[in-house]
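This report concerns only the one structure given below.
Derivation of every value follows stated rules applied to the coordinates shown; laboratory data play no part. Remember, predicted model here, so these are calculated numbers, not experimental data. FYI the Cβ positions are ideal-geometry reconstructions off the backbone, even for glycines, and counts take in every protein chain you see.
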Amino acid sequence: MLPYPKINPNIIEIGPFKLRWYGLMYVLGFVSCYFLIGKQRRARNLGLVGAQLQDLIFALAIGLILGARLGYVLFYQFSNYTYYLQHPLEIIAIWHGGMSFHGGLIGAILAGLIFSRRRKIPFWEGADAVVVTAPIALAFGRLGNFINGELYGRPSTVPWAMVFPLAGPEPRHPSQLYEAALEGVVLFIILWLLKDRSFRPGTMVCLFLGGYGIFRFLVEFFRQPDPQIGLLWGLLSMGQILCLTMIITAAVLWKFLLQEPTAR
């Protein structure tokens, strides 16, 4: 068993002001995406540089944060819908915790669609340039989860299991690190190595959706299910259901893209 590194989730705390590691990870993720998008020839050809790229990152950040919070309420708190109907401001209370990746993905896609239409940028080409960088942001986010001691894994006897402060005395899988490695580092390497090849617009989006869906689906077997939901039908977590939807979406989208002309 490895000792859990107890890191103060607050980097700086001055009166009511708190700078938290989790928030910093979000910032680092968006900054990393900004620089990595700008390094791609495809993005430069689309004019995604300078102020326009900054505007895109800002739009995606707003869409992601709002979508992540709404997704959490819809996907993981559906049994408490009466509470949210009575306290509608709680739906957007991101400071109370609770964010859904899948909701954030939907929010970012909608924000990207609106941005591309207004700026007259081909959506699929722009999405391919952006999505290549997304795994790095995901890796930072999972590190933030690890520092917070949240979204921990199921009880385990593996040598690297850890006792998380919020999870009782049992050693558990550090599933946040599994996700940071697979959904983050490994997926980024795959997409980055393929990004300059000739492919139909939208191909990198398909690879991201399918790759993330597969990696997350596998890691969910080691991650503690959400207590308010548990395992649906005694078998799959909500995260796995949503990831299966991602994988199916990637396959359907890929079939659709085969009917489109090849990018030149």
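When ILE106 is tested against the conditions (1) β-branched (Val, Ile, Thr); (2) part of a helix (DSSP H, G or I); (3) more than 13 Å from the chain's Cα centre (by Cα), the lone failure is (3). Anything in the stretch 156-175 that is outside any loop (DSSP other than H, G, I, E, B) and within 16 Å of LEU218 (Cα to Cα)? List them, or say none. Result: SER175, single match. You will find that of GLY234, GLY213, GLY230, the residue that is within 23 Å of GLY29 (Cβ to Cβ) and of a type outside the set (Asp, Glu) is GLY213 and no other.
Looking at VAL252, VAL185 in this structure, which one is within 30 Å of PRO3 (Cβ to Cβ) and assigned to a helix (DSSP H, G or I)?
Working: VAL252 fails: within 30 Å of PRO3 (Cβ to Cβ).
VAL185 is the lone residue from the list that is within 30 Å of PRO3 (Cβ to Cβ) and assigned to a helix (DSSP H, G or I).
Please specify each residue of the stretch 192-225 satisfying the condition of being in a helix (DSSP H, G or I), out of contact with any Lys or Arg (no Cβ under 7 Å at 6 or more places or on another chain) and under 10 Å from ASP128 (Cα atoms).
Taking the stretch 192-225 first, the residues in a helix (DSSP H, G or I) are 192-194, 203-219.
Those still in the list that are out of contact with any Lys or Arg (no Cβ under 7 Å at 6 or more places or on another chain) too: 192-194, 203, 205-219.
Once the filter is applied, which keeps residues that are in a helix (DSSP H, G or I), out of contact with any Lys or Arg (no Cβ under 7 Å at 6 or more places or on another chain) and under 10 Å from ASP128 (Cα atoms), the stretch 192-225 yields THR203, VAL205, CYS206, LEU207, PHE208.
Right, PHE164: touching a Lys or Arg at 6+ places or on another chain (Cβ under 8 Å), closer than 28 Å to ASN10 by Cα and not charged (D, E, K, R) or not? Here the answer is yes, as PHE164 does meet what is asked.
For the stretch 216-241, a residue qualifies if it is surrounded by 21 or more Cβ atoms within 10 Å (Cβ to Cβ) and of a type outside the set (Val, Ile, Thr), and the qualifying residues are ARG216, GLU220, ARG223, GLY239, GLN240.
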